[in-house]
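Colleague: Just passing along the structure, written as structure tokens.
Since every read-out is calculated from the coordinates, none of them should be taken as a lab result. In this text the structure is predicted, and so the values were computed from the model without any measurement. Every residue, glycine as well, gets a Cβ built from its backbone with ideal geometry; the counts of neighbours run over all protein chains shown.
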Amino acid sequence: MQRKSLDLWVGLFVLLGAAALFFLAMKAGNMSSLSFEKTYPVITKFDNIGGLKPRAPVKSAGVVVGRVGKIGFDDKSYQAVVTLELESSYKFPKDTSAKILTSGLLGEQYIGLEPGGDTNNLVAGDRIKMTQSAVVLENLISQFLYSKAAEGKEGEK
Amino acid sequence: MIGAITSLGRWVRESVSNVGFATRTFFALLGASGGLLRRPRLVTDQIHFIGNYSLVIIAVSGLFVGFVLGLQGYYTLNRYGSEEALGLLVALSLTRELGPVVTALLFAGRAGTSLTAEIGLMKAGEQLAAMEMMAVNPLERVIAPRFWAGVIAMPILAAIFSAVGVIGGYVVGVLMIGVDEGSFWSQMQAGVDVWKDIANGVIKSIVFGFAVTFTALYQGYEAQPTPEGVARATTRTVVIASLAVLWLDFLLTALMFS
């Protein structure tokens, strides 16, 4: 009898540990975003991906439709090659365009897909041709300063 | 002058033979562990003693570390207007560093000392020698079950510590201070990676389990069989195990997270 209650307590202890690990993985970690749905790869090329990371979400109309797979560099065109793993249940037209966007002012970066009007759909291995790079803050500021300076000169005349 | 050099030489010689002795005991211990598969009850008993009884202090410490992380993290993040990242800060600090390290330090204090004292007193009472007389290998019957129980209990305790700490951070951050609940969890989920952060934390805690439990058992096994010797061995357990944990933590962090 005493033997049994001791085993029970040890069992509870181990279960509690497993529950804690499960809680950390699901609630604190990104385990819940790992989906086991089938995906198909689509390739995109960007001039600048900013701070985009592998496993960042791919969204269309704000809904997550896939994840960023590999990120590589093409030394022929000097562009970043990003593989998108789109879920097989979602189809997109061939002339879909991809943008790198930021959630919130300083949030994580993700890829936004904007569907076009083509009747053919993207299939595995296709390339999205129309892309828009990430907004780099330094470029934005230098453009702003440049246009300010140009305005100032016009004012002098 | 010559006396100083002589004592340095003796110190080096003794340290080297100590390291060799510890290594030999470690391998003897691993060799003696095979018999436990036939008698898993020995390990279960020790998990109950080492793990279940440490649960309360680990859970309470985790809760308070979570509370403090919530308060201090909020104070700092608030200056930069990014309180939403509080959940990320709490979860990352706990799973990567504080969970395994603080648990290992508490574990050394709570379970390590009792193991050393127990083994040391067994040795002082010549119980270990009596076992050898009866052809029972004390490494197999006494040391190995305690060792594996510590190695098993430590990652479980660390996981509980981290989970309770995250809940503590949630209680202070969201319920008391009023950080937005949605961004608290979503920032955490966006920033904490299951393999890179949580699994590496578990690996750390397993390594610490090996280090702390073995230090405690070895100190007890090699203690002078007198009351004073056992007292010294217990003190050494805490000092050596804590330093080993901190040093291993630095090493593992440099290896895994960089």
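Colleague: How large is the charge dipole for segment B:78-150, taken about the Cα centre, if only the Cβ atoms of Lys, Arg (+1) and Asp, Glu (-1) carry charge, to the nearest 20 debye?
Modeller: About 40 debye.
Colleague: Ranked from highest to lowest mean number of other Cβ atoms within 10 Å per residue, what is the order of the peptides B:223-230, B:241-248?
Modeller: Order by mean packing, descending: B:241-248, B:223-230.
Colleague: Sticking with this structure for a sec: Go through segment B:210-226 residue by residue and turn each phi into a ³J(HN,Hα) via Karplus (6.51, -1.76, 1.60, θ = phi - 60°); whole Hz please, and just put x for glycine and proline.
Modeller: So the J values, rounded to whole Hz, are 4, 4, 5, 5, 5, 4, 4, 5, 5, 4, x, 5, 9, 5, 5, x, 10.
Colleague: Rounded to the nearest 10 degrees, what's the angle between the helix B:40-50 long axis and the longest principal axis of chain B, both from Cα atoms, 0 to 90?
Modeller: It works out to around 60 degrees.
Colleague: With a sphere of radius 12 Å drawn around the Cβ of B:Gly31, what net charge do the other residues whose Cβ falls strictly inside it have (Lys, Arg +1; Asp, Glu -1)?
Modeller: Summing Lys and Arg as +1 and Asp and Glu as -1 gives 0.
Colleague: Would you kindly derive the ³J(HN,Hα) couplings of segment B:148-155 from the backbone phi angles with the Karplus curve 6.51 cos²θ - 1.76 cosθ + 1.60 (θ = phi - 60°), listing them in order in whole Hz, with x for Gly and Pro?
Modeller: So the Karplus estimates, Gly and Pro as x, are 5, 4, x, 5, 6, 6, 4, x Hz.
Colleague: Over the alpha carbons of the protein assembly as shown, what is the largest minus smallest coordinate on each principal axis, giving the biggest first in Å?
Modeller: For the protein assembly as shown, the Cα extents along the three principal axes come out at 99, 62, 50 Å.
Colleague: Among B:Tyr74, A:Tyr40, A:Tyr146, rank each residue by its count of other Cβ atoms within 10 Å, from fewest to most, as a rough exposure measure.
Modeller: Fewest-to-most ranking of B:Tyr74, A:Tyr40, A:Tyr146: A:Tyr146, A:Tyr40, B:Tyr74.
Colleague: Let me ask something else. For a quick check: with amide H placed at 1.01 Å from N, whose amide H comes under 5 Å from A:Asp126's, ignoring anything fewer than 5 positions away on the same chain?
Modeller: A:Ile43
Colleague: Need one number: nm distance between label points at A:Ile141 and A:Val123, each 7 Å from Cα along Cα→Cβ, rounded to one decimal.
Modeller: Distance between the two pseudo-spin positions: 4.8 nm.
Colleague: What list of ³J(HN,Hα) values in whole Hz, one per residue of segment B:13-23 in order, does the Karplus curve 6.51 cos²θ - 1.76 cosθ + 1.60 (θ = phi - 60°) give from phi, with Gly and Pro shown as x?
Modeller: Values per residue, Gly and Pro as x: 4, 5, 5, 4, 5, 5, 4, x, 5, 5, 4 Hz.
Colleague: What distance in nm lies between label points placed 7 Å from Cα along the C-beta direction at A:Leu15 and B:Ala199?
Modeller: Going from the A:Leu15 label point to the B:Ala199 one covers 2.7 nm.
Colleague: How far, in nm, would the chain grow between B:Trp247 and B:Met176 when pulled straight, counting 0.36 nm per residue and subtracting the alpha carbon separation?
Modeller: Going from the current span to full extension adds 21.9 nm.
Colleague: Still on this structure: How much net charge surrounds B:Ile203 when only other residues with a Cβ under 15 Å from its Cβ are counted (Lys, Arg +1; Asp, Glu -1)?
Modeller: -1
Colleague: Checking the table A:Lys99/B:Lys204; A:Lys27/A:Lys70; A:Lys4/B:Lys196; A:Lys45/B:Lys204; A:Lys76/A:Lys99; A:Lys53/A:Lys129 against a 30 Å threshold on Cα-Cα, which pairs fail?
Modeller: Long pairs (Cα-Cα over 30 Å): A:Lys99/B:Lys204; A:Lys4/B:Lys196; A:Lys45/B:Lys204.
Colleague: In debye, nearest 20: dipole of segment B:63-202 around its Cα centre with unit charges on the Cβ of K, R (+) and D, E (-)?
Modeller: The calculated dipole for segment B:63-202 is roughly 260 debye.
Colleague: To the nearest 10 degrees, how steeply does helix A:137-156 sit against the main Cα axis of chain A, on a 0 to 90 scale?
Modeller: Orientation of helix A:137-156: about 30 degrees from the principal axis.
Colleague: Placing +1 on the Cβ of each Lys and Arg and -1 on the Cβ of each Asp and Glu in chain A, which of A:Gly62, A:Ser5, A:Tyr110 has its Cα farthest towards the positive end of the resulting dipole?
Modeller: A:Ser5
Colleague: If each of B:Ser82 and B:Tyr53 carries a label point 7 Å out from its Cα toward its Cβ, how far apart are those two points in nm?
Modeller: About 4.6 nm, to one decimal.
Colleague: In the protein assembly as shown, if the dipole is taken from +1 on Lys/Arg beta carbons and -1 on Asp/Glu beta carbons about the Cα centre, which of B:Val212, A:Pro93, B:Ala223 is farthest to the positive end?
Modeller: Highest projection toward the positive end goes to B:Ala223.
Colleague: Per-residue mean of other chain beta-carbon atoms within 10 angstrom of the beta-carbon, peptide B:187-200?
Modeller: Across B:187-200, the average partner-chain Cβ count within 10 Å equals 5.
Colleague: Between 0 and 90 degrees, rounded to the nearest ten: what's the tilt of helix B:227-256 against the longest Cα principal axis of chain B?
Modeller: For B:227-256 against chain B, the angle is about 50 degrees.
Colleague: While we're looking at this one, here's another question. Taking each residue of B:48-56 in turn, how many C-beta atoms of other protein chains fall within 10 Å of its C-beta, and what is the average?
Modeller: Mean shielding by partner chains, rounded to a whole number: 3.
Colleague: For A:Gln79, what residues show an amide H to amide H distance below 5 Å, using hydrogens built from the backbone and excluding near sequence neighbours?
Modeller: Amide H neighbours of A:Gln79, under 5 Å, 5+ apart: A:Asp74.
Colleague: Within a 10 angstrom radius of each residue's Cβ in A:8-14, how many Cβ atoms of other chains show up on average? Whole number is fine.
Modeller: Taking the mean over all residues of the peptide, I get 6.
Colleague: Which length gain, in nm to one decimal place, applies between B:Arg141 and B:Thr235 when the Cα-Cα distance is subtracted from 0.36 nm times their residue separation?
Modeller: 31.3 nm is the gain from fully extending B:Arg141 to B:Thr235.
Colleague: Highest mean first, how do A:56-64, A:114-122 rank when packing is the count of other Cβ atoms within 10 Å averaged over residues?
Modeller: A:56-64, A:114-122
Colleague: Sticking with this one: Which far-off residues, 5 or more places away or on another chain, put their amide H under 5 Å from the one on A:Asn30, with H placed in the peptide plane?
Modeller: Amide H neighbours of A:Asn30, under 5 Å, 5+ apart: B:Val194.
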